[in-house]
Amino acid sequence: MLKEFQVHINKRFSFLKNGKLLIAISGGIDSVALTYLCKSLDLDFALAHCNFNLRGKESDADEDFVLELAELLDVEVFIQKFDTEVYAKKYKRSIQMAARELRYDWFNELAEQLEFDYILTAHHADDNLETFLINFTRGTGLNGLTGIPEINVNIVRPMLQFSREQIEAYAKANYIKWQEDSSNASRKYLRNKLRHEVVPILKEINPQLLDSFQNTLEHLNDTADIVEESLNAVAKRAIVNIDEQGVTYKVAEFKKVNNPKAYLFEMFKDYGFTEWNDLVDLLNAETGKYIKSTSHRLIKHREFLILTDCHSEQDEASFVISSFDEKVETPLGLLCFAETDTVMDNSKNTIYVDREQLNFPLELRLWQKDDKFCPFGMKGKKKVSKYLKDEKLSLIAKENTWVLTTDNEIVWVVGKRADNRFKVKDNTKQILKIELK
(Lines give C-alpha, C1' and ligand atoms only; values in the text may rest on other atoms or scores of the structure.)
Protein backbone atom coordinates (compact mmCIF):
# COMPACT_ATOMS: atom_id res chain seq x y z
CA MET A 1 0.00 0.00 0.00
CA LEU A 2 2.91 2.36 0.64
CA LYS A 3 3.84 2.44 -3.04
CA GLU A 4 0.22 3.00 -4.05
CA PHE A 5 -0.08 5.75 -1.46
CA GLN A 6 3.09 7.43 -2.73
CA VAL A 7 1.84 7.34 -6.33
CA HIS A 8 -1.51 8.68 -5.15
CA ILE A 9 0.14 11.59 -3.29
CA ASN A 10 2.36 12.43 -6.27
CA LYS A 11 -0.60 12.34 -8.64
CA ARG A 12 -3.35 14.08 -6.65
CA PHE A 13 -1.83 15.68 -3.58
CA SER A 14 1.67 16.76 -4.53
CA PHE A 15 1.06 20.05 -2.69
CA LEU A 16 1.25 18.15 0.60
CA LYS A 17 4.96 17.49 0.07
CA ASN A 18 5.75 21.16 0.62
CA GLY A 19 3.11 21.86 3.25
CA LYS A 20 3.01 21.95 7.03
CA LEU A 21 0.48 19.26 7.95
CA LEU A 22 -1.68 18.44 10.98
CA ILE A 23 -2.89 14.84 11.16
CA ALA A 24 -6.10 14.22 13.10
CA ILE A 25 -5.34 11.04 15.04
CA SER A 26 -7.73 9.06 17.23
CA GLY A 27 -5.39 6.16 17.92
CA GLY A 28 -7.46 3.85 15.75
CA ILE A 29 -6.05 1.84 12.86
CA ASP A 30 -6.99 4.33 10.11
CA SER A 31 -5.35 7.44 11.52
CA VAL A 32 -2.35 5.49 12.84
CA ALA A 33 -1.80 3.97 9.39
CA LEU A 34 -2.03 7.44 7.83
CA THR A 35 0.57 8.67 10.30
CA TYR A 36 3.01 5.88 9.40
CA LEU A 37 2.43 6.42 5.67
CA CYS A 38 3.15 10.14 5.97
CA LYS A 39 6.26 9.37 8.06
CA SER A 40 7.47 6.95 5.38
CA LEU A 41 7.12 9.71 2.76
CA ASP A 42 8.99 12.12 5.03
CA LEU A 43 6.15 14.63 5.07
CA ASP A 44 6.24 17.50 7.56
CA PHE A 45 3.46 16.86 10.06
CA ALA A 46 2.32 17.07 13.67
CA LEU A 47 -0.43 15.08 15.41
CA ALA A 48 -3.65 16.35 17.00
CA HIS A 49 -5.69 14.12 19.31
CA CYS A 50 -9.09 14.80 20.89
CA ASN A 51 -10.02 13.17 24.19
CA PHE A 52 -13.81 13.47 24.28
CA ASN A 53 -14.05 11.86 27.74
CA LEU A 54 -16.83 9.55 26.55
CA ARG A 55 -15.31 6.12 27.24
CA GLY A 56 -13.64 6.60 30.62
CA LYS A 57 -10.32 4.79 30.98
CA GLU A 58 -10.45 3.75 27.32
CA SER A 59 -10.40 7.43 26.24
CA ASP A 60 -7.39 8.06 28.49
CA ALA A 61 -5.66 4.98 27.10
CA ASP A 62 -6.10 6.33 23.56
CA GLU A 63 -4.52 9.61 24.65
CA ASP A 64 -1.57 7.81 26.24
CA PHE A 65 -1.11 5.71 23.10
CA VAL A 66 -0.98 8.80 20.87
CA LEU A 67 1.57 10.45 23.16
CA GLU A 68 3.76 7.34 23.00
CA LEU A 69 3.41 7.14 19.22
CA ALA A 70 4.44 10.78 18.83
CA GLU A 71 7.52 10.12 20.93
CA LEU A 72 8.32 6.98 18.94
CA LEU A 73 8.08 8.80 15.62
CA ASP A 74 9.67 11.97 17.00
CA VAL A 75 6.82 14.26 15.92
CA GLU A 76 5.03 17.08 17.73
CA VAL A 77 1.65 16.24 19.25
CA PHE A 78 -1.26 18.32 20.54
CA ILE A 79 -3.85 16.95 22.97
CA GLN A 80 -7.21 18.54 23.81
CA LYS A 81 -9.72 17.27 26.37
CA PHE A 82 -13.42 18.03 25.90
CA ASP A 83 -16.53 17.80 28.10
CA THR A 84 -18.48 16.50 25.14
CA GLU A 85 -21.66 15.58 26.99
CA VAL A 86 -21.88 19.03 28.59
CA TYR A 87 -21.40 20.69 25.19
CA ALA A 88 -24.00 18.43 23.56
CA LYS A 89 -26.57 19.24 26.24
CA LYS A 90 -25.86 22.97 26.17
CA TYR A 91 -26.14 23.30 22.39
CA LYS A 92 -28.75 20.56 21.91
CA ARG A 93 -26.55 18.36 19.73
CA SER A 94 -26.23 14.62 19.44
CA ILE A 95 -23.03 13.26 20.97
CA GLN A 96 -21.66 12.51 17.52
CA MET A 97 -22.46 15.99 16.20
CA ALA A 98 -21.04 17.62 19.32
CA ALA A 99 -17.80 15.67 18.95
CA ARG A 100 -17.56 16.62 15.29
CA GLU A 101 -18.04 20.34 16.00
CA LEU A 102 -15.56 20.33 18.87
CA ARG A 103 -13.02 18.39 16.84
CA TYR A 104 -13.04 20.52 13.70
CA ASP A 105 -13.26 23.82 15.57
CA TRP A 106 -10.14 22.89 17.50
CA PHE A 107 -8.29 21.62 14.41
CA ASN A 108 -8.99 24.85 12.58
CA GLU A 109 -7.95 26.90 15.60
CA LEU A 110 -4.64 25.02 15.73
CA ALA A 111 -4.13 25.43 11.99
CA GLU A 112 -4.72 29.15 12.19
CA GLN A 113 -2.62 29.83 15.28
CA LEU A 114 0.33 27.60 14.36
CA GLU A 115 0.13 28.12 10.59
CA PHE A 116 -0.54 24.56 9.48
CA ASP A 117 -1.35 24.51 5.77
CA TYR A 118 -3.58 21.44 5.76
CA ILE A 119 -5.45 19.19 8.18
CA LEU A 120 -5.34 15.50 7.20
CA THR A 121 -8.02 13.02 8.19
CA ALA A 122 -7.97 9.25 7.62
CA HIS A 123 -11.39 8.76 5.98
CA HIS A 124 -11.26 5.84 3.56
CA ALA A 125 -13.42 4.17 0.90
CA ASP A 126 -15.57 2.23 3.38
CA ASP A 127 -16.26 5.44 5.32
CA ASN A 128 -17.36 7.02 2.05
CA LEU A 129 -19.77 4.17 1.32
CA GLU A 130 -21.21 4.32 4.85
CA THR A 131 -21.73 8.08 4.58
CA PHE A 132 -23.49 7.59 1.25
CA LEU A 133 -25.81 5.00 2.77
CA ILE A 134 -26.53 7.16 5.83
CA ASN A 135 -27.54 10.09 3.62
CA PHE A 136 -29.53 7.78 1.35
CA THR A 137 -31.51 6.23 4.21
CA ARG A 138 -32.29 9.63 5.74
CA GLY A 139 -33.26 11.23 2.45
CA THR A 140 -31.05 13.70 0.62
CA GLY A 141 -30.45 15.61 -2.58
CA LEU A 142 -27.74 15.01 -5.14
CA ASN A 143 -24.99 16.56 -3.03
CA GLY A 144 -25.67 14.08 -0.25
CA LEU A 145 -24.91 11.26 -2.68
CA THR A 146 -21.62 12.57 -4.08
CA GLY A 147 -19.49 11.27 -1.23
CA ILE A 148 -16.99 12.79 1.16
CA PRO A 149 -14.88 15.43 -0.63
CA GLU A 150 -11.17 14.70 -0.91
CA ILE A 151 -10.40 18.38 -0.35
CA ASN A 152 -12.63 20.78 1.55
CA VAL A 153 -10.90 24.14 2.05
CA ASN A 154 -7.94 23.09 4.24
CA ILE A 155 -9.22 19.59 5.08
CA VAL A 156 -7.53 16.88 2.99
CA ARG A 157 -8.48 13.20 2.94
CA PRO A 158 -5.73 11.37 1.04
CA MET A 159 -6.94 7.85 1.89
CA LEU A 160 -10.41 7.96 0.36
CA GLN A 161 -9.49 5.63 -2.49
CA PHE A 162 -8.18 2.93 -0.13
CA SER A 163 -10.40 0.35 1.57
CA ARG A 164 -10.49 -0.65 5.22
CA GLU A 165 -9.19 -4.06 4.13
CA GLN A 166 -6.12 -2.49 2.44
CA ILE A 167 -5.38 -0.38 5.51
CA GLU A 168 -5.60 -3.39 7.85
CA ALA A 169 -3.33 -5.41 5.58
CA TYR A 170 -0.74 -2.59 5.56
CA ALA A 171 -0.87 -2.21 9.35
CA LYS A 172 -0.49 -5.93 10.02
CA ALA A 173 2.26 -6.39 7.44
CA ASN A 174 4.27 -3.62 9.12
CA TYR A 175 3.52 -4.75 12.70
CA ILE A 176 1.82 -1.43 13.44
CA LYS A 177 -0.03 -1.22 16.72
CA TRP A 178 -3.26 0.70 17.20
CA GLN A 179 -6.09 1.17 19.69
CA GLU A 180 -9.47 -0.54 19.32
CA ASP A 181 -12.51 1.63 20.00
CA SER A 182 -15.09 -0.57 21.74
CA SER A 183 -17.90 1.75 20.64
CA ASN A 184 -17.27 0.69 17.03
CA ALA A 185 -18.83 -2.68 17.87
CA SER A 186 -22.04 -1.11 19.19
CA ARG A 187 -25.11 -1.38 16.97
CA LYS A 188 -26.84 1.66 18.52
CA TYR A 189 -25.26 4.02 15.99
CA LEU A 190 -26.58 3.97 12.43
CA ARG A 191 -23.09 3.95 10.94
CA ASN A 192 -22.17 0.85 12.91
CA LYS A 193 -25.40 -0.94 11.95
CA LEU A 194 -24.63 -0.28 8.30
CA ARG A 195 -20.97 -1.28 8.74
CA HIS A 196 -21.66 -4.58 10.49
CA GLU A 197 -25.03 -5.63 9.06
CA VAL A 198 -25.70 -4.02 5.68
CA VAL A 199 -22.34 -3.48 3.96
CA PRO A 200 -21.19 -7.12 4.38
CA ILE A 201 -24.34 -8.28 2.57
CA LEU A 202 -23.75 -5.78 -0.24
CA LYS A 203 -20.15 -6.97 -0.57
CA GLU A 204 -21.37 -10.55 -0.67
CA ILE A 205 -23.70 -9.64 -3.53
CA ASN A 206 -20.95 -7.71 -5.30
CA PRO A 207 -17.36 -8.47 -4.19
CA GLN A 208 -16.24 -5.43 -6.23
CA LEU A 209 -18.67 -3.16 -4.42
CA LEU A 210 -16.17 -0.43 -3.54
CA ASP A 211 -14.91 -0.22 -7.13
CA SER A 212 -18.48 -0.04 -8.45
CA PHE A 213 -19.32 2.53 -5.81
CA GLN A 214 -16.31 4.68 -6.82
CA ASN A 215 -17.48 4.63 -10.45
CA THR A 216 -20.97 5.64 -9.31
CA LEU A 217 -19.56 8.53 -7.29
CA GLU A 218 -17.60 9.75 -10.30
CA HIS A 219 -20.78 9.76 -12.42
CA LEU A 220 -22.76 11.51 -9.67
CA ASN A 221 -20.07 14.15 -9.25
CA ASP A 222 -20.06 14.75 -13.01
CA THR A 223 -23.82 15.21 -12.84
CA ALA A 224 -23.44 17.50 -9.84
CA ASP A 225 -21.11 19.70 -11.90
CA ILE A 226 -23.79 20.05 -14.58
CA VAL A 227 -26.42 20.85 -11.94
CA GLU A 228 -24.11 23.44 -10.35
CA GLU A 229 -23.51 25.10 -13.71
CA SER A 230 -27.25 25.31 -14.41
CA LEU A 231 -27.98 26.49 -10.88
CA ASN A 232 -25.38 29.25 -11.12
CA ALA A 233 -26.92 30.43 -14.39
CA VAL A 234 -30.38 30.69 -12.81
CA ALA A 235 -28.97 32.36 -9.69
CA LYS A 236 -27.16 34.92 -11.82
CA ARG A 237 -30.44 35.87 -13.48
CA ALA A 238 -32.57 35.65 -10.35
CA ILE A 239 -30.48 37.55 -7.78
CA VAL A 240 -31.14 41.26 -8.11
CA ASN A 241 -29.73 42.56 -4.84
CA ILE A 242 -27.53 41.57 -1.91
CA ASP A 243 -27.32 43.82 1.13
CA GLU A 244 -27.24 43.72 4.92
CA GLN A 245 -30.92 42.78 5.03
CA GLY A 246 -30.57 39.72 2.82
CA VAL A 247 -30.60 38.43 -0.75
CA THR A 248 -33.38 39.40 -3.16
CA TYR A 249 -34.45 37.01 -5.94
CA LYS A 250 -36.70 37.66 -8.92
CA VAL A 251 -39.70 35.30 -8.77
CA ALA A 252 -40.13 35.30 -12.55
CA GLU A 253 -36.79 33.55 -13.04
CA PHE A 254 -37.93 30.55 -10.99
CA LYS A 255 -41.21 30.39 -12.87
CA LYS A 256 -39.35 30.21 -16.19
CA VAL A 257 -37.56 26.94 -15.45
CA ASN A 258 -39.11 23.54 -16.13
CA ASN A 259 -38.91 22.35 -12.53
CA PRO A 260 -39.06 25.27 -10.07
CA LYS A 261 -39.15 22.95 -7.06
CA ALA A 262 -35.82 21.37 -8.00
CA TYR A 263 -34.13 24.74 -8.43
CA LEU A 264 -35.62 26.09 -5.20
CA PHE A 265 -34.39 23.00 -3.38
CA GLU A 266 -30.85 23.37 -4.66
CA MET A 267 -30.85 27.14 -4.14
CA PHE A 268 -32.13 27.14 -0.55
CA LYS A 269 -31.33 23.69 0.91
CA ASP A 270 -28.37 25.00 2.92
CA TYR A 271 -30.60 27.47 4.80
CA GLY A 272 -32.54 24.87 6.76
CA PHE A 273 -35.75 24.77 4.70
CA THR A 274 -37.52 21.41 4.46
CA GLU A 275 -41.11 22.11 3.36
CA TRP A 276 -40.45 22.40 -0.35
CA ASN A 277 -44.09 22.46 -1.45
CA ASP A 278 -44.63 25.49 0.80
CA LEU A 279 -41.64 27.14 -0.82
CA VAL A 280 -43.04 26.53 -4.31
CA ASP A 281 -46.40 27.95 -3.18
CA LEU A 282 -44.57 31.09 -2.08
CA LEU A 283 -43.90 31.93 -5.73
CA ASN A 284 -47.60 32.74 -6.18
CA ALA A 285 -48.33 33.97 -2.65
CA GLU A 286 -49.36 37.51 -1.78
CA THR A 287 -46.91 40.09 -0.50
CA GLY A 288 -45.87 39.59 3.11
CA LYS A 289 -46.23 35.81 3.17
CA TYR A 290 -43.13 33.91 4.26
CA ILE A 291 -41.79 30.55 5.32
CA LYS A 292 -39.30 30.06 8.10
CA SER A 293 -36.52 27.59 8.88
CA THR A 294 -34.55 27.38 12.11
CA SER A 295 -32.10 29.96 10.80
CA HIS A 296 -33.66 31.87 7.90
CA ARG A 297 -36.84 33.31 6.42
CA LEU A 298 -37.85 33.49 2.79
CA ILE A 299 -40.32 36.33 2.27
CA LYS A 300 -42.56 37.11 -0.70
CA HIS A 301 -42.51 40.83 -1.53
CA ARG A 302 -44.34 41.80 -4.69
CA GLU A 303 -42.41 40.05 -7.50
CA PHE A 304 -39.47 39.08 -5.35
CA LEU A 305 -38.33 36.56 -2.74
CA ILE A 306 -36.12 37.92 0.02
CA LEU A 307 -33.87 35.56 1.96
CA THR A 308 -32.91 36.87 5.36
CA ASP A 309 -31.19 35.56 8.45
CA CYS A 310 -33.66 35.07 11.31
CA HIS A 311 -31.08 36.52 13.64
CA SER A 312 -31.36 39.81 11.77
CA GLU A 313 -34.79 40.31 13.30
CA GLN A 314 -34.37 43.17 15.76
CA ASP A 315 -34.83 42.81 19.47
CA GLU A 316 -36.99 45.24 21.40
CA ALA A 317 -33.96 47.46 21.93
CA SER A 318 -34.02 51.22 22.39
CA PHE A 319 -31.54 54.04 22.73
CA VAL A 320 -31.96 56.91 25.15
CA ILE A 321 -30.59 60.30 24.06
CA SER A 322 -30.05 62.71 26.94
CA SER A 323 -28.97 65.82 25.02
CA PHE A 324 -28.41 67.07 21.51
CA ASP A 325 -24.66 67.08 22.17
CA GLU A 326 -24.66 63.31 21.90
CA LYS A 327 -23.77 61.23 18.87
CA VAL A 328 -25.52 57.89 19.06
CA GLU A 329 -24.30 54.74 17.32
CA THR A 330 -27.44 52.92 16.18
CA PRO A 331 -28.21 49.87 13.99
CA LEU A 332 -29.01 52.37 11.24
CA GLY A 333 -25.85 54.44 11.52
CA LEU A 334 -24.58 57.41 13.54
CA LEU A 335 -27.37 59.70 14.74
CA CYS A 336 -26.12 63.28 15.14
CA PHE A 337 -27.70 66.46 16.54
CA ALA A 338 -26.57 70.01 15.82
CA GLU A 339 -27.98 73.52 16.21
CA THR A 340 -28.16 75.48 12.96
CA ASP A 341 -29.38 78.79 11.57
CA THR A 342 -30.09 77.42 8.11
CA VAL A 343 -32.99 75.20 7.15
CA MET A 344 -32.76 72.99 4.08
CA ASP A 345 -35.44 70.65 2.82
CA ASN A 346 -35.88 67.49 4.82
CA SER A 347 -34.26 64.50 3.15
CA LYS A 348 -34.13 60.78 3.73
CA ASN A 349 -31.36 61.05 6.30
CA THR A 350 -31.72 64.65 7.56
CA ILE A 351 -34.56 66.57 9.19
CA TYR A 352 -34.89 70.01 10.79
CA VAL A 353 -37.06 70.47 13.88
CA ASP A 354 -38.07 73.10 16.41
CA ARG A 355 -35.69 72.50 19.30
CA GLU A 356 -38.12 73.90 21.87
CA GLN A 357 -40.70 71.26 20.95
CA LEU A 358 -38.39 68.46 22.09
CA ASN A 359 -38.13 67.29 25.68
CA PHE A 360 -35.09 65.24 26.53
CA PRO A 361 -34.42 62.42 26.93
CA LEU A 362 -35.39 61.32 23.45
CA GLU A 363 -35.83 57.66 22.62
CA LEU A 364 -34.87 55.79 19.47
CA ARG A 365 -36.72 52.49 19.15
CA LEU A 366 -38.38 50.12 16.73
CA TRP A 367 -41.87 51.17 15.72
CA GLN A 368 -44.76 49.48 17.49
CA LYS A 369 -48.15 48.27 16.39
CA ASP A 370 -50.20 51.20 17.72
CA ASP A 371 -47.75 53.98 16.80
CA LYS A 372 -49.20 57.02 15.06
CA PHE A 373 -47.61 60.16 13.71
CA CYS A 374 -48.38 63.25 11.59
CA PRO A 375 -46.46 62.81 8.33
CA PHE A 376 -44.60 65.96 7.29
CA GLY A 377 -46.59 67.99 4.78
CA MET A 378 -49.89 66.33 5.67
CA LYS A 379 -52.74 67.10 8.04
CA GLY A 380 -53.97 64.64 10.64
CA LYS A 381 -52.48 61.49 12.09
CA LYS A 382 -51.66 58.22 10.41
CA LYS A 383 -50.74 54.84 11.77
CA VAL A 384 -47.12 53.99 11.15
CA SER A 385 -48.22 50.54 10.01
CA LYS A 386 -50.48 52.11 7.36
CA TYR A 387 -47.74 54.52 6.29
CA LEU A 388 -45.24 51.67 5.83
CA LYS A 389 -47.81 49.67 3.88
CA ASP A 390 -48.55 52.63 1.62
CA GLU A 391 -44.82 53.02 1.04
CA LYS A 392 -44.87 49.40 -0.22
CA LEU A 393 -41.99 48.39 2.00
CA SER A 394 -41.00 44.78 2.31
CA LEU A 395 -41.62 42.90 5.53
CA ILE A 396 -37.91 43.09 6.36
CA ALA A 397 -37.78 46.84 5.74
CA LYS A 398 -40.83 47.28 7.97
CA GLU A 399 -39.27 45.23 10.75
CA ASN A 400 -36.15 47.36 10.58
CA THR A 401 -37.95 50.71 10.80
CA TRP A 402 -37.05 52.83 13.81
CA VAL A 403 -38.71 55.92 15.24
CA LEU A 404 -37.30 58.84 17.22
CA THR A 405 -39.66 60.00 19.98
CA THR A 406 -40.06 62.71 22.60
CA ASP A 407 -42.57 62.17 25.41
CA ASN A 408 -43.75 59.07 23.46
CA GLU A 409 -44.63 61.23 20.44
CA ILE A 410 -42.91 60.39 17.16
CA VAL A 411 -40.55 63.07 15.87
CA TRP A 412 -39.20 61.09 12.96
CA VAL A 413 -39.82 57.76 11.25
CA VAL A 414 -36.10 57.50 10.80
CA GLY A 415 -34.84 57.57 7.26
CA LYS A 416 -38.37 58.01 5.91
CA ARG A 417 -40.62 60.84 7.14
CA ALA A 418 -40.50 63.58 9.77
CA ASP A 419 -43.49 64.46 11.95
CA ASN A 420 -45.34 67.65 11.02
CA ARG A 421 -45.83 68.71 14.65
CA PHE A 422 -42.12 69.37 15.17
CA LYS A 423 -41.36 71.21 11.93
CA VAL A 424 -39.58 74.56 11.87
CA LYS A 425 -42.04 77.48 11.81
CA ASP A 426 -41.68 81.22 11.28
CA ASN A 427 -41.53 81.81 15.04
CA THR A 428 -39.03 79.03 15.74
CA LYS A 429 -36.12 80.35 17.81
CA GLN A 430 -33.86 77.29 17.91
CA ILE A 431 -33.42 74.99 14.93
CA LEU A 432 -32.09 71.49 15.53
CA LYS A 433 -30.64 69.47 12.68
CA ILE A 434 -30.94 65.71 13.15
CA GLU A 435 -28.88 63.64 10.77
CA LEU A 436 -28.29 59.95 10.21
CA LYS A 437 -24.81 59.30 8.85
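Using per-residue counts of other Cβ atoms within 10 Å, averaged over each peptide, order 141-149, 369-377, 196-204 from highest down.
Values: 141-149: 17.2, 369-377: 15.4, 196-204: 12.8.
Ranking, from highest mean packing down: 141-149, 369-377, 196-204.
For Lys327, no residue whose modelled amide H falls within less than 5 Å of its own remains once neighbours fewer than 5 places apart on the same chain are excluded. Of the solvent-accessible surface of segment 197-333, computed with a 1.4 Å probe and all protein chains present, 49% belongs to carbon and sulfur.
Among the protein heavy atoms of segment 1-102, carbon and sulfur supply 48% of the accessible surface, probe 1.4 Å, non-protein parts ignored. Summary of the geometry: segment 102-154 and segment 268-287, compared by the centres of their Cα atoms, lie 29 Å apart.
Summing charges over neighbours of Glu71, with a neighbour being any other residue whose Cβ is under 14 Å away from its Cβ, gives -3 when K and R count +1 and D and E count -1.
Please give the per residue accessible area of the chain, computed with a probe of 1.4 Å over protein heavy atoms only, in Å².
Numbers: 24510 Å² over 437 residues.
Here the per-residue accessible area is 56 Å².
Just list whichever of Lys177/Lys203; Lys81/Lys177; Lys256/Lys383; Lys92/Lys255; Lys193/Lys261 have alpha carbons separated by over 29 Å in the model shown. Flagged as over cut-off: Lys256/Lys383; Lys92/Lys255; Lys193/Lys261. You can think of it this way: the chain between Asn349 and Lys177 has 54.9 nm of extra reach, that is 0.36 nm per residue less the Cα-Cα gap. Most tightly packed first, judged by the mean number of other beta-carbon atoms within 10 Å of their residues, the peptides 276-286, 36-46 read 36-46, 276-286. Name the helices (complete DSSP H segments) of the chain with a Cα length along the long axis of 30 Å or more and a Kyte-Doolittle mean of at least -1.0, or state none. Result, helices passing both filters: 209-238.
Near Met344, once Lys and Arg are set to +1 and Asp and Glu to -1 for all other residues with Cβ below 14 Å from its Cβ, the sum equals 0. Counted by Cβ distance under 11 Å from Ile167, the other residues give a net charge of -3, where Lys and Arg count +1 and Asp and Glu count -1.
Run the dipole for the chain about the Cα centre, Lys and Arg Cβ at +1, Asp and Glu Cβ at -1, nothing else charged, and hand back the magnitude in debye, nearest 20.
Working: 60 positive and 70 negative charges, 443 e Å.
Here the chain has a charge dipole of around 2120 debye.
Below 20 Å, Cα to Cα, which lysines can Lys389 reach? Residues fewer than 8 away in the same chain don't count. Output for Lys389: Lys289, Lys300, Lys348, Lys369, Lys372, Lys379, Lys381, Lys398, Lys416.
The values are calculated or read from the model by the stated rules, or taken from the named source; none is laboratory data. Values in this document were obtained by computation on a predicted structure and should not be read as measured data. Quick reminder, even Gly has a Cβ in these numbers, built from the backbone with ideal geometry, and neighbours come from all protein chains shown. Side chains included, ligands, DNA and RNA excluded: accessible areas come from the protein's heavy atoms. Shrake-Rupley method; radii C 1.70, N 1.55, O 1.52, S 1.80 Å.
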